[in-house]
Each structure stands twice: as structure tokens, then as C-alpha cells.
1. Label-point separation (nm) for Gln224 and Glu341, each offset 7 Å from Cα along Cα-to-Cβ?
2. What per residue convex hull volume, in Å³, comes out for region 289-346 when only alpha-carbon positions are used?
3. With the cut-off at 28 Å, tell me which of the pairs Lys110/Lys271; Lys120/Lys271; Lys110/Lys131; Lys88/Lys131 have Cα atoms farther apart than that.
4. Between Ile12 and Gln49, what is the FRET efficiency for a Förster distance of 41 Å, r being their Cβ-Cβ separation, to the nearest 0.05?
5. Treat region 30-97 as a sphere of radius equal to its Kirkwood radius over Cα pairs and apply Stokes-Einstein at 20 °C in a medium of 1.002 mPa s; give the translational diffusion coefficient in µm²/s, rounded to a whole number.
6. I'd like to compare 222-233, 106-117: which one has the highest average count of other Cβ atoms within 10 Å, and what's the full order after that?
Amino acid sequence: MDGIQAFQQQLIEQKNGIIESINLHNKLVSPLCLPTEVLSQIFCHCLPQIRGPEGLDLPSKLIAPMLLTRICRRWRDIAVGMPNLWCKLYVEVDDGNWQQAAFFYDSWLKRARGRPLSLKLQFYADDHWTKLQCLLQPYVNRISSLCVDLCHHDAPELNMFTDFPVLEEMLVFVNDDISGGDAAVPASISRSFSQLPPTLNSFAVSGLLFGFDDLSSCNPLWAQLTTLEIEIWQPDGVLHLLRLAPNLSSLTIIALFDNVQALTEPFTHTKLQILQITCESSFNTDPPFCDLLNALSLPTLRVLAIRDVPEWPHEEFKAFLVRSECSLESLNVLDGVVTDEQRAEYAALVPSLSFSSPYDDSIKRIGILDVLVLDQGGWNKTIIAAKMY
């Protein structure tokens, strides 16, 4: 009998040990018992790091902020109560179950509680826009940043965004189905651009080539902008754009020069500080770029990055520096050769000038176009284009 009691006691002690071990392990795997203020800071750092609305992905329960609501009730309450976690959203409209999707998107936007919203919109037809309009109507006074993918020829015009009274930043990706693959910008799109709200100060468009007349037809859009990313296919179009956009401080541009045009009338832009230009031409010596350089004066220029100029126009660039009298701080030339002697001459003219190498991580990608892009491994040609359908 004593042996049975001793064995029973041994089993009880083993059971208690197992329970204690389970409790200890549960504490290890339970959510962090940190103060709400600390968890809130951690949650903010859990959000995906993106440069702008074009980097947004469709919401996923495996990615913050949705992931944070699935750990425990306390984490969910904290995450739902943090408006800054819910200010960015990718909204896609298709022919699926829109009622369910709309409820989800609306719940997300309500959690932002009056904060400025940054949205990426994907839709394919007029009836999709009607659904989207109903969803966004309560929030139009809060949408400050917008990325729009126009992926189908039935997609509605952009004048639907004229009623967004606080819109400051807009990015537009245009598919060939809409542009028609022609050089000229469709009249419907030019008209839509001209009607964008006057609050807009940053604008980027990819998938359209603007000529001289196209730029004129988009007025008064350009006059209000401080930041612009665009593709232009005529040499005189660059100067024309600068005349139409006197407030620009940053310009990222692809210049597609397929003919020679004499640029005899000089032009001075008094506010441009950052210029990134990729020159694409059928001329090996890029005479259109030389003509452009000879016509321009940029007295406030601080950063200049140039790509795809096979033969570097040394004398023309020296004349540009002398004429502009700018305090240029950074010059980066990719796919072109600038000798040490030439650099010394430039430094003598502009003592503030430094020369960035293709592997200098001080040069960052500013825009969405196929321009000067740097990652950890060096230069990388990046195109963020409209999705193909």
C-alpha cells in the first residue's frame, strides 16, 4: 500500500511539473505585456516601408496593420484605435463580390478618423468608377495623395477627381490600351489633366509622351506644380514645359528626342533646384541635348543628374554653369564620360560642386519614371509602369 501511495505522489508531482512548464511556455509565447504607448510605437514601425502610394499593395491579413489585429484582443484594440495605421489603402474594383469588398474598405477608412488619406486605385470600367465613387464620397475631403492605374480603354476620364478639394499629390499610370501607343496624348486625357484641382502640387505621369501642343492643352495644371515627373518627345517641349511651370522646384524627365529642332530662344527658370533627365535620341552625339543645354539657365539648381548622353558636352556644360551662376552641389553623369580634368574645371567655376559616382548612395530615386535609380547593389534601371491587361 505504501508503494502505491508513493507512486501516486510521484505522479502528482510530475503532473504539477508539467502544468508549471506549460504555464511558463504560455508566458513565453503570449503577446508582449508592454505599455500601450510602447506597443503603439512598435506598431508604427511594423507598417510596410513605401515611398509613396504607388508602392501600396492590396491589404493582407499577413501584413500590418491587419496582422496586428489578429494576435490578441488587446493588440487588436490598440491597433484599431491608432488612426495613423489606417491612412494608406490600395482599393481594387473588379467584377467580384463588391459589397463585401466595399464593407472591408469602408471599415478600413473609418479607422483613419479624419487623418489625411493616401490611396491607390485600380479599376477597369465606368461602372467600376460608380462603385468607387460611392465608397470614397464620405472621404473626398481627406484624400491628399492618390495613385491611379488606368488599365483599360473603358476606364473613365480623370475629371472624376476634380472634386477632391485637398488633393496635393497624384500619380497616373496609363496603359497602351488608353494612350493608343501614339505620340500624341489623347484629348480626353489632356482635358482631364487640365481640370485637376488647384491644390495639386506634385504630379507624375507614366505611359504618355507629351509634345509641345499636348503640354499646352493641359493648362492650367503645370502652373501650380512644384514637383513633376513626365516624358517629353520634342526638344522644344522641355523649354515650353518650363515656361508653363514657373513654380517647379523638382523635375524628373525622360526626353525622347527623335529629331533636331533649333532652340534659339534662351530661357531662365528661377526656381528649379533638382533636375533629373534621361536623354533618349537617335543621334549618337545627342545634339538636341546640347541645344537644350545652350538654351537653359538655372540659377537655383542644386542637384543635376543626367543619363544616356554618349558624348559629354564639356564646353556646353561649362558655358551653362557660367551662364546660370548656380550653387550646384551635386553632379551625376551615367552612361557618359566626364574626365578628371573636366571635373577640375567645373569645380573651379562652382566651388560647392561635388561629383556623385554611380555607386554613391547619396543619390536617391525621386520619381516613378525610368530615371536615375540606386539600390544597395548599384545603379538599377527601374520602370514602374501601368499593369498590362
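Only the coordinates and a few stated rules stand behind these numbers; no lab work does. Every value quoted in this text rests on a predicted model; they were computed, and no experiment measured them. Please note: Cβ atoms are built from the backbone with ideal geometry, for glycine as well, and neighbour counts cover all protein chains shown.
1. About 5.2 nm, to one decimal.
2. Measuring per residue, one finds 76 Å³ for the Cα hull of region 289-346.
3. Pairs exceeding 28 Å: Lys110/Lys271; Lys120/Lys271.
4. The computed FRET efficiency comes out at 0.15.
5. My calculation gives 163 µm²/s for D.
6. 222-233, 106-117
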